[in-house]
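Inspection log for the structure reproduced underneath, given as structure tokens.
Laboratory data are not the source of any read-out in this text; all were calculated from the coordinates shown. What you see is a predicted model; the values in this text were computed from it and never measured. Cβ placement follows ideal geometry from the backbone for every residue including glycine, while neighbour counts extend to all protein chains displayed.
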């Protein structure tokens, strides 16, 4: 399985990463306005860090490798 760099995936991942960093920065304000307030600060921060991780995975094009590995397990002959 050869690694292929995609400039489109890089910029989409960069945008997701920027959104995740903003989410980490203002997770308390977002939790106050959209979630249950103080009780959901940790949940909001967790989802913010997950967003950053997904953005990094898409930036370096790891998501295609993971999708190919997952679908080769489901459909071994294809």
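The table below gives the values:
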item	result
Tally of residues being touching a helix residue (DSSP H, G or I) at 6+ places or on another chain (Cβ under 8 Å) and exposed (fewer than 14 other Cβ atoms within 10 Å of the Cβ) across segment 61-77	1
Failed item in (1) under 30 Å from residue 70 (Cβ atoms); (2) under 19 Å from the mean Cα position of the chain (by Cα), with residue 25 passing the rest	(1)
Residues (surrounded by 15 or more Cβ atoms within 10 Å (Cβ to Cβ) and either part of a helix (DSSP H, G or I) or touching a residue at least 12 places away in the same chain (Cβ under 8 Å) (or both)) located in segment 25-48	27, 30, 31, 32, 40, 41, 44, 45, 47, 48
